[in-house]
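The values are calculated or read from the model by the stated rules, or taken from the named source; none is laboratory data. Predicted, not measured: the structure shown is a model, and the values here were computed from it. Cβ coordinates were reconstructed from backbone atoms using ideal geometry, including for glycine residues, and neighbour counts include every protein chain displayed. All accessible areas refer to the heavy atoms of the entire protein, side chains included, with ligands and DNA or RNA removed. Shrake-Rupley method; radii C 1.70, N 1.55, O 1.52, S 1.80 Å.
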Amino acid sequence: MDVAAIVEALQRREFKAYYQPQYDAITNRLVSAEALARWVKPDGTLVPPADFVPALEKGDEILALDWYILKEVCALLKKQKERGIAMVPISVNFSRMHVFEEDFVRRLCREVDSYGVDHAYIEVEITESAFVDQADSIEKWIRDVRAAGFCVAIDDFGSGLSSLSFVKDIAVDTLKIDKALLSRNCEDEKERIVLESIFYFSHRLKLTTVAEGVETREQLGFLRTCSCKKIQGFFFAKPMPEQEFLEACTNQTKLQETEDILTIQAPSSATNLLLEAVFQAYPLVIFSNLTRNSYYMMAYENFSATTCPSTGVFEELIGHGAASMHPEDSEAFRTTFSIENQLKAYEAGEPFVRLVTRQLGDDGVYRRVETTNYFVKNPSVSDVLVISLCHNL
């Protein structure tokens, strides 16, 4: 398609923002939306993005379209605020080219602030493919965007090869799961395993997940069992013009009857809830193999001391812990949790080993800490395994 014709249509304001609602996977409530560009010709013909976005991305004309849609979204949010209509966060797609746009964040703030819109209602969305060849630049760009009070979403997650690496290294707020991962209607075992893994690590990393392209009840049912946070797709709603979206936002304030979560969750979802409860009670959780003299941290949140390595040799872990104890408690800790003493307790049929000590926190204050090592078994191996639960008293 001719780029000049597209640019002229943009100048004539023939482009409109269409909104595809995103729904809470459990309550079915409209909780957010994605703004999508549509070209509406004077005769009413609707031109989809696939017919004009690729042409604009060949040059920097795509930048103008992105800023145009942002203004459309801000104008809508301002209208909702003035009319007292329920507002929800809206994600706006930005091309990877904005990463190199001078003063992007400053302009983003200026545009949004000119409409009196709170930054929390705008989510900056960028595709996963942008990370392939410019990860370093994007990392700083995302930090700056989030520092300005905006959330950042990664679109099409799972469609490229860089997924796990950038999730590990780059702090984002939302992962939008690519619809290609739902191509087999969640009925294929491998597909289910991949999806369960994505939602599990997203949950542990405290990332909001949005499943795109949800079109069937089977997909929705499975995604609910995985603790997927939001659903976007034709099963609930297609992209809609502004007025229709305003009506949807008005109606979404009415509570809808939903199924009891205890009747729709699967073991994987229930396990996530259980882990949340465990981590609230025990901010430090360690999984150790006494037979192999190894360990790794399962969780390390809001504990008084946070300097322990996340994985390594178990005997070194005990030495590190003893060094952080009050001088009067150090030897008792070292002896109680030595491999030799714990193996004796295990062979004697003891279910756990427990000790209360005084540990020096990062703030220089000693606090009483209870450490309990529970012996557990894995039927696949004969190794003696231990789960340590630690909390401040």
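Only one entry in Ala64, Ala55 is of a type in the set (Gly, Ala, Ser) and open to solvent by 30 Å² or more (accessible area, probe 1.4 Å), namely Ala64.
Entry remark, the stretch 80-93: residues being open to solvent by 40 Å² or more (accessible area, probe 1.4 Å) and assigned to a loop (DSSP other than H, G, I, E, B) number 3 in total. If only residues of the stretch 1-26 that are of a type in the set (Gly, Ala, Ser) and open to solvent by less than 20 Å² (accessible area, probe 1.4 Å) are counted, the one that is farthest from Gly59 (Cα to Cα) is Ala25. Scanning the stretch 213-228 for residues that are of a type outside the set (S, T, N, Q), part of a loop (DSSP other than H, G, I, E, B) and surrounded by fewer than 22 Cβ atoms within 10 Å (Cβ to Cβ) gives Gly213, Glu215. Scoring Lys206 on the criteria (1) within 12 Å of the chain's Cα centre (by Cα); (2) touching a residue at least 12 places away in the same chain (Cβ under 8 Å) leaves a single failure, condition (2). Residues of the stretch 192-203 that are without any contact (Cβ under 8 Å) to a residue 40 or more places away in the chain and open to solvent by 20 Å² or more (accessible area, probe 1.4 Å): Arg192, Ile193, Val194, Ser197, Phe201. Of the numbered criteria (1) at pLDDT 95 or above; (2) touching a Leu at 6+ places or on another chain (Cβ under 7 Å), the one Val73 fails is (2). Filtered by the rule that a residue be out of contact with any helix residue (DSSP H, G or I) (no Cβ under 7 Å at 6 or more places or on another chain), of a type in the set (S, T, N, Q) and surrounded by 14 or more Cβ atoms within 10 Å (Cβ to Cβ), the stretch 311-354 gives Ser324, Thr336, Gln342.
Based on this model, can you work out whether Glu34 counts as over 26 Å from Ala120 (Cα atoms), acidic (Asp, Glu) and in contact (Cβ under 8 Å) with a residue 24 or more places away in the chain?
When the stated conditions are applied, Glu34 does not pass them.
Of the residues making up the stretch 175-202, those that are modelled with pLDDT under 85 and not in a helix (DSSP H, G or I) are Ser183, Arg184, Asn185, Cys186, Glu187, Asp188. Criterion applied to Arg29, Arg96 was being within 16 Å of Val124 (Cα to Cα) and open to solvent by 50 Å² or more (accessible area, probe 1.4 Å), and the one residue passing it is Arg96.
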